[in-house]
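Coordinate-derived values only; no laboratory data. This structure is a prediction, so every number in the text was calculated from the model and none was measured. As a convention, Cβ positions derive from the backbone with ideal geometry for all residues, glycine included, and neighbour counts pool all protein chains shown.
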């Protein structure tokens, strides 16, 4: 019997694999719709934008999120996959949100 090579899959549990999936507009928009409850018909378009949240000074903490998406209406969605129970996740989430909010004002 001849062995066939099995396909290997990378689970979207790594930041790299997750970002690669979200590069596909159809996957990204369906993911946003499923997670947020925004009907797919209301998402006119989306685009990936820089996931590095800027800092004003070199000693400030750099924020890097898994995906930062801007919708056609200008609203932004920060996506961060969290697979493990991490201490201070609530503070980290607030940090990412505030950085993304301030960056949107600039």
**Prompt:** Listed highest first by mean packing, meaning other Cβ atoms within 10 Å per residue, what order do 22-34, 85-97 come in?
**Reply:** 22-34, 85-97
**Request:** Give, in nm to one decimal, the length gained when the segment between residue 16 and residue 40 is fully stretched (0.36 nm per residue of separation minus the Cα-Cα distance).
**Result:** 6.1 nm
